[in-house]
Amino acid sequence: MSLSDPVGDLLTRIRNAQHARKSRCVAPASRLKADVLEVLKREGYIRAWKVSELRAGVSQLEIELKYSEGEPAIKEVSRVSKPGRRVYSKIKELPKFYSGLGISILSTPKGVMSDAEARAANVGGEVLARVF
């Protein structure tokens, strides 16, 4: 099956699994999605993730979701840059999401990182998603 927006599909799978109070969810694997999951793990929005091989050449991501007192760690997740409309931002023009309580995930020339990491590295890029 071909997806036009794989990162959007990943975020939707996570959002739906947390609404259903699932402890885990799975998604088709790609390097960009693994980088996005690594940012979510570093920022404390998911517990863990790993790549498992289904068969030769086909892998999937297994994501362990995080809850705090029964409430999902991710309250809101939204895709910003979509296939039909790419959104780029200079680091000085990138607004803080929920006054700094949420994060923006950026794809930069130095890799995929959160807005705080991008500010520290002084590098802008494509705004992939926002998470609160």
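The values are calculated or read from the model by the stated rules, or taken from the named source; none is laboratory data. If you're wondering where the values come from, they're calculated on a predicted model, not measured in any experiment. Ideal geometry is used to build each Cβ from the backbone, glycine not excepted, and the neighbour counts take in all protein chains shown. Please note that ligands, DNA and RNA were not included when accessible areas were found on the heavy atoms of the full protein model with its side chains. Shrake-Rupley method; radii C 1.70, N 1.55, O 1.52, S 1.80 Å.
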So which of Leu106, Leu32, Leu94, Leu3 ends up being of a type outside the set (D, E, K, R), open to solvent by less than 100 Å² (accessible area, probe 1.4 Å) and in contact with a strand residue (DSSP E or B) (Cβ under 6 Å, 6 or more places away or on another chain)?
-> Leu106
Inspect the range 70-86 for any residue being of a type in the set (Gly, Ala, Ser), open to solvent by 80 Å² or more (accessible area, probe 1.4 Å) and farther than 21 Å from Leu3 by Cα and give the result as yes or no.
-> no
Evaluate the following for Glu62: is it charged (D, E, K, R), open to solvent by less than 50 Å² (accessible area, probe 1.4 Å) and either modelled with pLDDT under 95 or part of a strand (DSSP E or B) (or both)?
-> yes
Residues within the range 45-59 that are more than 17 Å from Ser104 (Cβ to Cβ) and open to solvent by less than 80 Å² (accessible area, probe 1.4 Å), tallied = 6
Counting only residues that are assigned to a loop (DSSP other than H, G, I, E, B) and of a type in the set (Gly, Ala, Ser), the range 80-102 contains a total of 3
Under the condition of being more than 14 Å from the chain's Cα centre (by Cα) and among the small types (Gly, Ala, Ser), which residue from the range 109-132 is surrounded by the most Cβ atoms within 10 Å (Cβ to Cβ)?
-> Ala118
Taking Ser52 as meeting all but one of (1) among the polar types (S, T, N, Q); (2) modelled with pLDDT of 95 or more; (3) part of a helix (DSSP H, G or I), write down the number of the exception.
-> (3)
Within the range 35-44, is there a residue that is without any contact (Cβ under 8 Å) to a residue 60 or more places away in the chain, surrounded by fewer than 16 Cβ atoms within 10 Å (Cβ to Cβ) and in a strand (DSSP E or B)?
-> no
All conditions in (1) at pLDDT below 95; (2) out of contact with any strand residue (DSSP E or B) (no Cβ under 8 Å at 6 or more places or on another chain) are true of Arg85 except (1)
Being open to solvent by 50 Å² or more (accessible area, probe 1.4 Å) and either closer than 16 Å to Ser52 by Cβ or in a helix (DSSP H, G or I) (or both) is the filter here, so list the residues in the range 13-22 that pass it.
-> Arg13, Arg15, Asn16, His19
